[in-house]
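J.: Just passing along the structure, written as structure tokens.
The values are calculated or read from the model by the stated rules, or taken from the named source; none is laboratory data. What you are looking at is a predicted structure, and each value in this text was computed from that prediction instead of being measured. We place every Cβ from the backbone using ideal geometry, glycine too, and count neighbours over all the protein chains shown.
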Amino acid sequence: MGTTLFYFDTPQMCSGSPFSAIRCVCDCTIQVGQPELRRILSTQIYEAIVQRLNLRFHLPGMSLEETKGYIAHHLHVAGAANALFTDAAIEIIHDYTQGIPRKINNVCLASLLAGFAERKRLIDDYTVRVVIEQEFAF
């Protein structure tokens, strides 16, 4: 009998039912996740699942330099010839997102859309702050 490996990209997005299904299906899983997954699984309701995890790996947020490289790479792949964010804007993005890639993507996309609406060629820290305040602050 072989070993089964389940990989869930965003298990923190699941409600109780999918986690219960995981618990019933296997006794050996590997957990890989972002910081919010650790917080979710620390609640007592998921104790049975946590007991079945044999290996855990949590993805920490990227450093400021890694965030700059991540944004530059995505812009390059998208065909941008020049930088579209100022250094100050990237620092605000990093501070707000704590270096979590999915959050970086969301803030960058919203900032680019806001910049496009304002006909900006370069997204500055002011634009990013406004976007975060209007789109992401609850």
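J.: If you check Val107 against the conditions, is it under 16 Å from the mean Cα position of the chain (by Cα), among the β-branched types (Val, Ile, Thr) and farther than 15 Å from Ser63 by Cα?
T.: Working: under 16 Å from the mean Cα position of the chain (by Cα): yes; among the β-branched types (Val, Ile, Thr): yes; farther than 15 Å from Ser63 by Cα: yes.
Judged against the criteria, Val107 is a match.
J.: What pairs come out if I take residues in segment 120-138 that are free of Cβ contacts under 8 Å to residues at least 60 places away in the same chain and pair them with residues that are exposed (fewer than 14 other Cβ atoms within 10 Å of the Cβ) and in a loop (DSSP other than H, G, I, E, B) whose C-beta lies under 9 Å away, six or more apart or interchain?
T.: Close Cβ pairs (under 9 Å, with a partner that is exposed (fewer than 14 other Cβ atoms within 10 Å of the Cβ) and in a loop (DSSP other than H, G, I, E, B)) amount to Arg121/Asn82; Leu122/Asn82; Thr127/Glu118.
One line per residue, one yes/no per condition, for (1) modelled with pLDDT of 95 or more; (2) under 15 Å from the mean Cα position of the chain (by Cα); (3) closer than 15 Å to Glu135 by Cβ:
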residue	(1), (2), (3)
His74	yes, yes, no
Ala83	no, no, no
Ile90	yes, no, no
Asp95	yes, yes, no
Gln98	no, yes, no
Lys103	no, yes, yes
Leu112	yes, no, yes
Phe116	yes, no, yes
